[in-house]
Amino acid sequence: STMRKRKTVDSPHTSSDLSEGKEKLRLKQEVGLISGVSLIAGTMIGSGIFMSPEWVLHHMGSPASSLLIWAACGLLATFGALSYAELGTIIKESGGEYIYILRIFGSFPAFLFAYTSVILVRPAGLAAVCLSFAEYAVAPFYPGCSSPQVVVKCTAAACILVLTIINCLNVRLATSIMNIFTAAKLLALLVIVVGGLVLLAKGQTQSFQNAFQNTTAGIGTVGVAFYQGLWSYDGWNNLNYVTEELKKPEVTLPRAVMIAIPLVTCLYLLVNVSYLAAMTPAELLSSGAVAVTWGDKVLGSWAWLISLAVALSTFGSSNGTFFSGGRVCYIAAREGHMPDILSMAHVRCLTPSPALLFTSAMSLIMIIPGSFTSIVNFFSFIAWLFYGMTISGLLYLKIKKPELPRSYKVPIVIPIIVLLVAVYLVLAPIIDQPQIEILYIVLFVFSGIILYFPLVRFKRHPRFLQTVTLHLQLFLEVAPTTRDAN
């Protein structure tokens, strides 16, 4: 019934609206194939590949098994993205998992996702990337010692504020910055890859002799290694958050996925090989920042280039995370699951500025107590909980509603594999090493019930909220928007 309801909502009324002279305010379709590839690859290549390799190796114990984890993570991200591409051609609306859960399972689970994502998951992800940007950006000013936490956190906060201004001003400006930074980070990874190939050609292959020695194979440790690896691939689903802003989404979405994710997977594997060619596993494990240690060993006096490249890379990635994260908040508000003000767009810039400002504020709060590794593990646990739910929705549509029009179909075995892995990733760490923090996260998700019934189900809104919305609307120069009729 929700699918049927969507069809009526989305029926193409645009021409009649225009003929009556009532042109509606909506976000522009300004994301083409190159920007789409940049949004996926640019968000995926962030801090992960420069920080996670030591953690994957730490949990797996051997170079060969850690490379297998990196390859498996790339395959899983590709399978997940191809499954999402089919969902994106059936439900042509922005919002990613939120809009798919809403249209397939209904209002309540969609609200829980939006509540968790907008208040916890997206801001935490953005805070983690900005913290790693800050670590690398301030490191050259404190040679030979660790950077003061106050300086790191202030730099991360400044990064978030700059991103807020860019994304609120102009969609084209945000996507142009994404394209430029994606090119810069691909260049940095190519430098590492070429450096590694030169070392291998010179015969530095000691890390790859008895490469499976000391491999650990516990259910939970493999799950946590996957978390650290998958963090580096996070962003594979980003294009689904901006479907309404894509030019020809039914073509651009699958194509961008097919180009971006295999490209990133190959680069990640080659970069890991390069790290292992330059360092022994023991050196890699003791390195605080793998890429910088690699730079010191291989580039000598030019090692500062790597610190600069990592800072640029993480800034570009946080821009992509921010660009798509603000859209979840905006779409959820448009569907009545968040305050109305968050569903509005700036009347001249045509950007969802209230949603972006709210995401920014939540991320700034997350920076205060956050540390990189703890954020990654808990972010991954909750993300895969909802990824699994979304993929089960696709399987439901494939089996129960095969007649729905779709311009792209993924073989059913692919979403089944993704669903099984999602179940494993959610359950393995709980079974192997139960942590009290995971219980807190689950309780936080279900605390949304307290808000859902009075505010969404029964629409009991405090009276002053309307006045506040009106004043904010005038102050921020924003107006309600309509969804794009695809």
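Give me the percent of the accessible area of the chain that comes from carbon and sulfur atoms, probe 1.4 Å, all protein chains in place.
Ligands and nucleic acids excluded, carbon and sulfur give 68 percent.
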### Query
Rolling a 1.4 angstrom probe over the protein heavy atoms, how many square angstrom per residue are accessible across segment 33-442?
35
### Summary
Contour minus Cα-Cα span, Ala361 to Ile436, at 0.36 nm per residue, comes to 24.3 nm
### Query
What FRET efficiency comes out for the pair Leu263/Phe444, r = Cβ-Cβ distance, R0 = 25 Å, nearest 0.05?
0.10
### Query
If you take the Cα Rg of segment 199-272 and divide it by 2.2 N^0.38 Å, with N the number of residues, what do you get?
1.59
### Summary
Most packed first (mean Cβ within 10 Å per residue), the peptides 184-190, 198-204, 268-274, 245-251 order as 268-274, 245-251, 184-190, 198-204
### Over segment 181-305: Rg over Rh, Cα atoms, Kirkwood Rh
1.04
### Message
Using a Debye calculation, one point per C-alpha and no hydration shell, please list log10 I(q)/I(0) for segment 180-220 at q = 0.19, 0.32 Å⁻¹ in order.
### Response
-0.73, -1.02
### Task
For Leu350 paired with Leu305, estimate the spin-label separation in nm (one decimal), with each label point 7 Å from Cα along the Cα-to-Cβ line.
4.1
### Task
Keeping all protein chains in position, work out how much accessible area Tyr440 exposes to a 1.4 Å probe, and write it in Å² to the nearest 10.
140
### Matching label, mean projected area of the Cα convex hull in nm² computed from the structure shown, candidates (1) 23.2; (2) 22.0; (3) 25.6
(1)
### Query
When the dipole is taken about the Cα centre of the chain, and only Lys, Arg (+1) and Asp, Glu (-1) are charged at their Cβ, what size is it in debye, to the nearest 20?
1260
### Query
What value does segment 247-323 have for Rg/Rh, both radii from Cα atoms and Rh as Kirkwood defines it?
1.10
### Summary
Ordering Ile259, Ile368, Ile331 by the accessible surface of their heavy atoms, 1.4 Å probe, largest first, yields Ile368, Ile259, Ile331
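The values are calculated or read from the model by the stated rules, or taken from the named source; none is laboratory data. Everything numeric in this text was worked out from a predicted model, so none of it was measured. Neighbour counts are summed over all protein chains in view; Cβ atoms, including those assigned to glycine, are modelled from backbone coordinates with ideal geometry. The protein model used for the area step is the full one, side chains on, heavy atoms only, and it has no ligands, DNA or RNA in it. Shrake-Rupley method; radii C 1.70, N 1.55, O 1.52, S 1.80 Å.
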